Amino acid sequence: KVTSFRECFNGCSALVTLPAGLFSACKAVTTFRSCFEGCSKLASIPEGLFANNPAVTDFFGTFKWCALKEVPANTFENCTKVTGFGQIFYACSALETVPVSIFDDCLNVTTFSFAFSGTKLKGESPYTLIDGKKVHLYERNSYLSHFSEVSTYQNCFSGCTGLSDYDAIAVSYTHLTLPTIA
């Protein structure tokens, strides 16, 4: 019946591993905000860590400042209600690999702000195949019949110059319409 794991393991600097199925019985949880933030020795996570959490909407800062090197493709499988991935992997300085399909089930995301800022991502940035065409996170607003409108991309891939599509990301940011502050 747990609905929140907000800051649950936050700052557990000695946490090294997580057991498989850790959250599998937690069907009602809606937030993992800052759950593992500051777990500076957490270098890996098990397959499908959040795959059985269909009600979750918020992953803001979940792995911020962790030592993750890679993330399994099915980490967010079945997380169809997620709206926020802001700072999800912020300052995970060892992170080089994220599967391109990692957000395939997450079609309702409205923020990716600082999601990968401070990582060392290489390869191609995450995308979802739509009718055989790659639709990267920064292209989702051109496919609103498939995705919710992403209102915040701010610094999503800041410093991720090792990405093969980094130049396209930089160009796309210059064409975003920013909200007007009243």
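The values are calculated or read from the model by the stated rules, or taken from the named source; none is laboratory data. Values in this document were obtained by computation on a predicted structure and should not be read as measured data. Every residue, glycine among them, receives a Cβ derived from its backbone with ideal geometry; neighbour counts consider all protein chains shown. The area values use the complete protein model at the heavy-atom level, side chains included, leaving out ligands, DNA and RNA. Shrake-Rupley method; radii C 1.70, N 1.55, O 1.52, S 1.80 Å.
A few notes on this one:
- Test result for Thr17, in a loop (DSSP other than H, G, I, E, B) and buried (at least 17 other Cβ atoms within 10 Å of the Cβ): no
- Sole residue being over 21 Å from Thr31 (Cβ atoms), buried (at least 20 other Cβ atoms within 10 Å of the Cβ) and of a type in the set (A, V, I, L, M, F, W, C), chosen from Val82, Val98: Val98
- Unmet criterion (only one of (1) of a type outside the set (Gly, Ala, Ser); (2) open to solvent by 30 Å² or more (accessible area, probe 1.4 Å); (3) farther than 24 Å from Phe50 by Cα) for Asp105: (3)
- Any hit, the stretch 147-161, residues being within 19 Å of Phe60 (Cα to Cα) and among the β-branched types (Val, Ile, Thr): yes
- Among the residues of the stretch 2-33, those identified as polar (S, T, N, Q) and farther than 17 Å from Phe60 by Cα are Ser13, Thr17, Ser24.
- Yes/no for Phe36 being modelled with pLDDT of 95 or more and either under 19 Å from Val109 (Cβ atoms) or in a strand (DSSP E or B) (or both): no
- Criterion (open to solvent by 30 Å² or more (accessible area, probe 1.4 Å) and either free of Cβ contacts under 8 Å to residues at least 40 places away in the same chain or more than 14 Å from Cys160 (Cβ to Cβ) (or both)) met by exactly one of Gly132, Gly118: Gly132
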